[in-house]
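The block underneath contains the structure these notes are about, expressed in structure tokens.
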């Protein structure tokens, strides 16, 4: 306890006491992730003061230009989590292949999947960014504790996640987590170096008057998305008979946090801009962890045609369309997609 406040460590230990046969591995892993987030937060906050803004001079496996902080954040996540014996392996949006735990490091029963710095294209203009992570059980460890993990071990539907969360590096540093029993938010108290529970049992309102989408892509949208946005923009004089506000931060962690705190809908739908890509965002590193969090907070997350957490991954860097947020609005968007399919 810190002055009667609940710390992240205490919260995790209390949760662990309700799990039969808990060994403390999960508590240790979450603490290691939290430590990594503190280090990344410190680097992000210093930015240009220590020469960390700008490009790293290379592209990641996604074909995206890496920022210096992308590379640093990825290294911090790996080094903070590879040594303690909680993991069999890791996978990152910034790495082409998986990172198996080997050598002198002890293997553990979990897998860690992460986007080390979501929204990093905004770093140089000082917009909020964050770290997204997902924890899975390791099938290889369960069947043979001495064997290396495989790429196939990571290709689990989002419904099988043990935990998901994201850190938000903004005016304050927050850590949002779910272990399948609701969503809780913790704020970093820099004076004592602890994450403190400040947002217990976060819930997404079922109705909203806000939506977030990159309107510059309107000419590429499919009919269901265009129909939905057109109805919102029509306001009180349109079929919805109410006014909506449009938001677009271009940082998904920031969009997710806003929706968790006051409702809304986020859309990065399938479009025709690049027909070779079924979607823009990564299933394992972004869509699944956000989907788990959103559902645990009472919202919905979908591809437009399928519940996100039911999608079977087929590749480590698979992309998907992503729509999530307030329940009643996401259901409406799904209905518009079903109507289009039925008419085809």
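The values are calculated or read from the model by the stated rules, or taken from the named source; none is laboratory data. It should be emphasised that the depicted structure is a prediction, and the values quoted were computed from it without experimental measurement. Every residue, glycine among them, receives a Cβ derived from its backbone with ideal geometry; neighbour counts consider all protein chains shown.
A few remarks follow.
Per-residue answers, yes or no, for (1) buried (at least 20 other Cβ atoms within 10 Å of the Cβ); (2) over 17 Å from residue 323 (Cβ atoms); (3) touching a helix residue (DSSP H, G or I) at 6+ places or on another chain (Cβ under 6 Å):
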site: 212; (1), (2), (3): yes, no, yes
site: 223; (1), (2), (3): no, no, yes
site: 228; (1), (2), (3): yes, no, yes
site: 246; (1), (2), (3): no, no, no
site: 255; (1), (2), (3): yes, no, no
site: 274; (1), (2), (3): no, yes, no
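- Only one of the numbered conditions (1) at pLDDT below 95; (2) touching a strand residue (DSSP E or B) at 6+ places or on another chain (Cβ under 8 Å) is not met by residue 320, and that is (1).
- The lone exception for residue 167 - which of (1) under 26 Å from residue 321 (Cα atoms); (2) in the same structural domain as residue 73 (by TED's automatic domain parsing); (3) outside any strand (DSSP E or B) it fails: (3)
- Breaking point among (1) surrounded by fewer than 16 Cβ atoms within 10 Å (Cβ to Cβ); (2) farther than 24 Å from residue 306 by Cα; (3) in contact (Cβ under 8 Å) with a residue 24 or more places away in the chain, for residue 278: (2)
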